[in-house]
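What follows is a short report on a single structure.
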Amino acid sequence: VVVFILGYQFSVSEISAALAVLILILSRAFVDYSTAGLENGLSHLLILIFYLLFFQGSNSPKQVFWLSLIASLGLLNRMDLALVFAPALVMVLWQSRNWQTVKFLALGQIPFILWELFATFYYGFPFPNTAYAKLNTGIPNGEYIQQGFFYLLNSLQFDPLTLTAILASVLLIVINRKRKFYPLLVGMILYVLYVIKVGGDFMSGRFLTVPLLCAVMLL
């Protein structure tokens, strides 16, 4: 579904569609974790739909609500996806600067808010237990960051296309000053920095499929 939407709805030409599909199917990380039964596939779909709607640029109350709702569903899937959605939502809020936009943004977040209330009441804490297990270990931040860079180096060694595509998208957007795409670019960069900050993951490339999809969308 992601490849179909990317090729037929997001791409501006047949050549760009072919390039997008080629990058994804040649990315070891994307193929592995799109078929591994993890949350990556749903993350990809929600991000693609979100930015497909965002780039329509109407900023109508209906669009604002749907953007916020899709982001809310994304947070239910993985909370760290907030880094990818936030720049676009902040831009929408800044461009509108009215209480109606705030209201519809808040309405869209109801699924996530309700889940947080339930999780806090039922489980006793609002975040996934993996967050507490991985990040509250007493290990210095410097060691986490060092491990995060090792994570990127590992990906570069075994799956060089993934990081190459991410870097190429950054250079392309910055050089051509495509400001329309800055929210997606910023979200992608924030997510990569987050991956470094938390020390990566024990599954090689798992946390790089989201920024790869963002990169392909930008390219």
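The values are calculated or read from the model by the stated rules, or taken from the named source; none is laboratory data. Everything quoted here is computed from the prediction, not taken from an experiment. Backbone-built Cβ (ideal geometry, glycine too); neighbour counts: all protein chains shown. The area values use the complete protein model at the heavy-atom level, side chains included, leaving out ligands, DNA and RNA. Shrake-Rupley method; radii C 1.70, N 1.55, O 1.52, S 1.80 Å.
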Residue-span extension gain [Tyr182 to Asn77] - 0.36 nm each, minus C-alpha spacing: 35.4 nm
Accessible area in square angstrom per residue, segment 1-142, 1.4 angstrom probe: 58
Whole-number percent relative contact order across the chain, with pairs defined as alpha carbons under 8 Å at least 6 apart: 27
Spatial separation of Cα centroids for segment 40-92 and segment 126-183, in angstrom: 20
Distance in nm between pseudo-label sites at Leu114 and Leu167 (7 Å out along the Cβ direction from Cα): 4.6
From the C-alpha gyration tensor of segment 106-219, square roots of 5λ in Å: 29, 22, 11
Sum of -39500 (n - 2.57) over DSSP H runs of 4+, divided by residues of the chain (222 nm, nearest 500): -23000 deg cm²/dmol
Computed FRET value (nearest 0.05) for Leu156 with Phe125, which takes r as the C-beta separation and R₀ as 22 Å: 0.05
Nearest-20 debye value, segment 74-219 charge dipole, Cβ charges on Lys, Arg, Asp, Glu: 580
Residues of type lysines that Lys197 reaches as a straight line, Cα spacing below 23 Å, ignoring anything fewer than 8 places off in the same chain: Lys134
Amide N proximity, segment 54-85 versus Glu39 label position 7 Å along Cα-to-Cβ, cut-off under 15 Å: 71-85
Modelled FRET efficiency - R0 35 Å, Leu22 with Leu93, Cβ distances, 0.05 increments: 0.45
Carbon + sulfur, % of accessible area of the chain - ligands and nucleic acids excluded, 1.4 Å: 69
Local electrostatic count, Phe150, Cβ distance below 15 Å [Lys/Arg +1, Asp/Glu -1]: -1
Stokes-Einstein D (µm²/s) once Rh is taken as the Kirkwood radius of segment 1-118 over alpha-carbon pairs, at 37 °C in 0.692 mPa s: 214
